[in-house]
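The values are calculated or read from the model by the stated rules, or taken from the named source; none is laboratory data. In this text the structure is predicted, and so the values were computed from the model without any measurement. Note: ideal-geometry Cβ built from the backbone for every residue, glycine included; neighbour counts use all protein chains shown.
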Protein chains: 2
Amino acid sequence: MSRCLVYIATSLDGYIAKKGGELGWLEQFPNPDGSDFGFEKFIQGIDAIVMGRKTFEKVLEFERWPYKKPVFVISTTIKNIPKKLEKQAELIHGKPNEILERLAKRKLNSIYIDGGKTIQSFLAEDLIDELTITRVPIILGDGIPLFVKTDKEIEFEHVKTEVYKNGLVKSYYRRNR
Amino acid sequence: MSRCLVYIATSLDGYIAKKGGELGWLEQFPNPDGSDFGFEKFIQGIDAIVMGRKTFEKVLEFERWPYKKPVFVISTTIKNIPKKLEKQAELIHGKPNEILERLAKRKLNSIYIDGGKTIQSFLAEDLIDELTITRVPIILGDGIPLFVKTDKEIEFEHVKTEVYKNGLVKSYYRRNR
């Protein structure tokens, strides 16, 4: 089955966005070096991206489509991908393991899982193999959480941590199976 | 006013204990070097400890009283500190800022704030000056959270991060006022 990777930034209190998906707090964070904090390198190593509807709609607001890898959007409400993005993105349905089986058949073996609800649904099935969390030194107080309550404990192995000049701390964990 | 310091370990999903305050997941974490992860050094730098009733009752279960610094217990239900600990601990009442004023009058200037509810009540008033969070590479799924929803954002400055051989990542933040 395909490997699933999460690569995400959170506040110290574990939020990936403010309510309504607002990311300004993250984008406005001082970054004098213009670093992408390793994101481009991470993207080069994956075969496809799976995200939920809300993340997809957020990305649609960007000035330009940011991904060079195929994107799969999990949604029960979207009927069609906008025509201009038909080559970049497609809808996908099913449970997390069904989605992974389908992607594996298409030789997409390394999958970037993005978006709060999508990450949570894959974590609930213990399907996340690599977890990179970048901690931003702010307490937001409220927002969209990375983690929600689950009924199983999941142990990870810490592989490495990088500290950026602006105080971001990026830790890379591998599932300890 | 006194400075408030938090020094705590959390799971990746932000829990400081399992439900009921259970800490076995933390104590059983591999620690071949027998490191205290800097705790003793941290304690040497503080003047007093403020904790809630639940943390106090947890510490009472330990084989021996672990603190050499004066402990103040915030409680509305405990009437008396057990006689054998009268020299080590005392009850204290009031709102966080009232407590800090009282401690400052006693020349206790550097206060270790411990316990979920107590930390949360001091954070809600933006009274935490230093925050050391050690991330344990496990998702617990449920338990006692370090953070709860608050109505203000609080920015911190990252000072340093230490990575331990067993995968614990300790980040030290200072309030950015």
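Summary table
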quantity	calculated
Pick from the stretch B:120-142, criterion polar (S, T, N, Q) and either within 7 Å of chain A (Cβ to nearest Cβ) or in a strand (DSSP E or B) (or both), ranking: farthest from B:Pro96 (Cα to Cα)	B:Thr134
Test for B:Glu130: is it among the charged types (D, E, K, R) and surrounded by 17 or more Cβ atoms within 10 Å (Cβ to Cβ)	yes
Test: residue in the stretch A:110-126 that is more than 26 Å from B:Ser171 (Cβ to Cβ) and either in contact with a Phe, Trp or Tyr (Cβ under 7 Å, 6 or more places away or on another chain) or β-branched (Val, Ile, Thr) (or both)	yes
Count - residues of the stretch A:148-171 that are of a type outside the set (Lys, Arg), on the phi < 0 side of the Ramachandran plot and in contact with a Phe, Trp or Tyr (Cβ under 9 Å, 6 or more places away or on another chain)	10
Subset of the stretch B:154-177 [under 14 Å from B:Asn31 (Cβ atoms), of a type outside the set (Phe, Trp, Tyr) and more than 7 Å from chain A (Cβ to nearest Cβ)]	B:Lys165, B:Asn166, B:Leu168, B:Lys170
Close pairs (6 angstrom Cβ cut-off, 6 or more residues apart or separate chains): surrounded by fewer than 16 Cβ atoms within 10 Å (Cβ to Cβ) in the stretch A:3-30, in a loop (DSSP other than H, G, I, E, B) and not charged (D, E, K, R) anywhere	A:Lys19/A:Gly143; A:Pro30/A:Asn166
Residues located in the stretch B:71-87, provided they are closer than 13 Å to B:Gly115 by Cα and either loosely packed, with under 10 Cβ neighbours inside 10 Å or at pLDDT below 95 (or both)	B:Ser75
Some residue of the stretch B:54-68 being aliphatic (A, V, I, L, M), on the phi < 0 side of the Ramachandran plot and in contact with a Lys or Arg (Cβ under 8 Å, 6 or more places away or on another chain)	no
Count of residues meeting criterion [out of contact with any helix residue (DSSP H, G or I) (no Cβ under 7 Å at 6 or more places or on another chain), surrounded by fewer than 20 Cβ atoms within 10 Å (Cβ to Cβ) and outside any strand (DSSP E or B)] in the stretch B:143-177	9
Qualifying residue in the stretch B:96-108 (condition: touching a Phe, Trp or Tyr at 6+ places or on another chain (Cβ under 6 Å), modelled with pLDDT of 95 or more and away from chain A (no Cβ under 12 Å))	yes
